[in-house]
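This report refers to the structure that appears directly beneath it.
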Amino acid sequence: MIRRSILSSISVDTTQLPDKDQFAFWRDGMFSATGMTTERDGPSDAPFNCKLQHYRTNQLAISRRQCSSPCVVKRTEKGIAQADMDVVGICYRTQGDDLAGDYGPGIQLIRSGDLRTFDLQYPYWYAHDGYVVYSMLLSRNWVVNETHYREFPHGLVLRDSLLSQVLKTTMCSAFDALKTASVSEFEAISTALNRFALDAIRFQEIGDLDTEEISSRSIRQLVLNHIERHYADPRLTPEKIALSVGISRTKLFQVCRPMGTPRTIIRNIRLKKAADRLRRGSGENLSRLAHEVGISGRQTLTRLFREEFGLSPKEYRQEAHAQSASIAETAVPDREIWNSLRTSFRSSLLL
């Protein structure tokens, strides 16, 4: 059975239209769908280059807008009434600065790299000469109930922190992952991104990770990200991880418990990195490989591989290459069948 509510996708690219129709199509469509007014200088039939990709799951709505044509974007009282969207959200501007604008008293213009909250019940406007922005919508009631805010903080720039840095990365990677994710992956991505966004907003208020207010799942992701960046350091320890993330050693062991101890997680990530390299290459020097993934030497690498995989690194490499050759021999005839099936399901979901 096809669950049509799992994922809906909308894609708009004005460059696919004749030049004279591009701006009117974007202006009228955006106002009708979102209540946003778009204005520009010059003739309305001049080329207007804007793209929108929007995904919606049962739990998440996320979009990417890219515009290379200068214009002014407004959310007016008329537009608010037109769209009737009582939602809030977070946007991440990856490229482009506001040239001018007004988001409300005391709220600064958006700059490239800003991660900012927004409330679509407030009027605002901004002018730009090109930008790329990722936006995700959140349930107002859910956010207000889960935080100490009586009202959602419109126009709040989330200060730079490990949480905000990972949220930026997660918004971009989640958006890309939704293009090819399975049903179960849709749901996992939605849940994780919603929770991470909420925790980033909470952290803005309390400024402390070592608290019950921030979910263990979000902190665990910060820990995993830190290990992914520093696994090659043989001096990486639980104490260093806790200090870098900004939590106590006790908290570190607590959030890691579902995956094991911090040292177990470090070991597993190092082994995964080593295994990935063995699968890709045939002439990897094992002593150098051990050093580059943070393991003390060839003998230790061999012992850990036997404990984890039941094979030596050399045996693992040989078996991985044999499996790869077998897959390559049998996968080609079925490729078009799988592509046709994927297209069929996607077409059904978009009806």
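In segment 168-184, which residues are farther than 18 Å from ARG65 by Cα and either at pLDDT 85 or above or in a helix (DSSP H, G or I) (or both)? Answer for segment 168-184, where residues must be farther than 18 Å from ARG65 by Cα and either at pLDDT 85 or above or in a helix (DSSP H, G or I) (or both): VAL183, SER184.
Quick one: which residue in LEU224, LEU193, LEU198 is under 22 Å from CYS172 (Cβ atoms), assigned to a helix (DSSP H, G or I) and in the same structural domain as PRO258 (by TED's automatic domain parsing)?
On the way: LEU193 fails: in the same structural domain as PRO258 (by TED's automatic domain parsing); LEU198 fails: in the same structural domain as PRO258 (by TED's automatic domain parsing).
The match here is LEU224.
Screening GLY155 against (1) among the small types (Gly, Ala, Ser); (2) over 21 Å from HIS54 (Cα atoms); (3) in a strand (DSSP E or B) leaves a single unmet condition, (3).
Total residues in segment 30-73 satisfying the condition of being modelled with pLDDT under 90, closer than 23 Å to TYR122 by Cβ and exposed (fewer than 15 other Cβ atoms within 10 Å of the Cβ): the figure is 1. Contact map, segment 212-236: first residue within 22 Å of ASP199 (Cα to Cα), second residue modelled with pLDDT under 85 and acidic (Asp, Glu), Cβ cut-off under 9 Å, separation 6 or more or different chains; pairs are GLU213/GLU205; ILE214/ASP208; ILE219/ASP210.
Quick grid of which residues meet (1) in contact with a Lys or Arg (Cβ under 7 Å, 6 or more places away or on another chain); (2) under 26 Å from GLU187 (Cα atoms); (3) in the same structural domain as VAL87 (by TED's automatic domain parsing):
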{"residue": "ASP21", "(1), (2), (3)": "no, no, yes"}
{"residue": "ASP28", "(1), (2), (3)": "no, no, yes"}
{"residue": "SER32", "(1), (2), (3)": "no, no, yes"}
{"residue": "MET36", "(1), (2), (3)": "yes, no, yes"}
{"residue": "PRO47", "(1), (2), (3)": "no, no, yes"}
{"residue": "GLN53", "(1), (2), (3)": "yes, yes, yes"}
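For segment 92-100, the count of residues that are surrounded by fewer than 17 Cβ atoms within 10 Å (Cβ to Cβ), out of contact with any helix residue (DSSP H, G or I) (no Cβ under 8 Å at 6 or more places or on another chain), in the same structural domain as ARG159 (by TED's automatic domain parsing) and among the small types (Gly, Ala, Ser) is nonzero. Please verify whether ALA61 is out of contact with any helix residue (DSSP H, G or I) (no Cβ under 8 Å at 6 or more places or on another chain), hydrophobic (A, V, I, L, M, F, W, C) and under 22 Å from SER164 (Cα atoms), treating the condition exactly as stated. When the stated conditions are applied, ALA61 passes them.
Quick check on this structure: which one of TYR103, TYR131 is among the aromatic types (Phe, Trp, Tyr), farther than 22 Å from LEU52 by Cα and crowded, with 16+ Cβ neighbours inside 10 Å? Talk me through it step by step, then tell me what you get.
Numbers: TYR131 fails: farther than 22 Å from LEU52 by Cα.
Result of the check over TYR103, TYR131: TYR103.
Here is the figure for segment 170-205: residues that are touching a residue at least 24 places away in the same chain (Cβ under 8 Å) and hydroxyl-bearing (Ser, Thr, Tyr) total 3.
Could you say which residue among ARG111, ARG116 is under 24 Å from LEU198 (Cα atoms), of a type in the set (D, E, K, R) and either without any contact (Cβ under 8 Å) to a residue 12 or more places away in the chain or assigned to a strand (DSSP E or B) (or both)?
Numbers: ARG111 fails: either without any contact (Cβ under 8 Å) to a residue 12 or more places away in the chain or assigned to a strand (DSSP E or B) (or both).
That would be ARG116, the only listed residue that is under 24 Å from LEU198 (Cα atoms), of a type in the set (D, E, K, R) and either without any contact (Cβ under 8 Å) to a residue 12 or more places away in the chain or assigned to a strand (DSSP E or B) (or both).
Selection of segment 77-122 for residues being under 21 Å from the mean Cα position of the chain (by Cα), among the hydroxyl-bearing types (Ser, Thr, Tyr) and under 23 Å from VAL143 (Cα atoms) yields TYR92, THR117. Given the criteria farther than 30 Å from CYS91 by Cα and assigned to a helix (DSSP H, G or I), does ARG277 qualify? So ARG277 fits the description; yes. Looking at ARG140, ARG116, ARG159 in this structure, which one is of a type in the set (Lys, Arg) and surrounded by fewer than 15 Cβ atoms within 10 Å (Cβ to Cβ)? Sole residue among the options that is of a type in the set (Lys, Arg) and surrounded by fewer than 15 Cβ atoms within 10 Å (Cβ to Cβ): ARG159. A single member of ARG217, ARG140, ARG159 is within 15 Å of ARG116 (Cα to Cα) and out of contact with any Leu (no Cβ under 7 Å at 6 or more places or on another chain), and it is ARG159. Checked against (1) under 27 Å from ALA188 (Cβ atoms); (2) in contact with a Pro (Cβ under 8 Å, 6 or more places away or on another chain); (3) assigned to a loop (DSSP other than H, G, I, E, B); (4) of a type in the set (Val, Ile, Thr), ILE295 passes all but condition (1). For segment 68-96, a tally of residues being touching an Asp or Glu at 6+ places or on another chain (Cβ under 9 Å) and closer than 30 Å to LYS179 by Cβ returns 12.
The values are calculated or read from the model by the stated rules, or taken from the named source; none is laboratory data. Please read these numbers as outputs of a predicted model, since none were measured by experiment. Here Cβ is always computed from backbone atoms with ideal geometry, including for glycine, and neighbour counts include all displayed protein chains.
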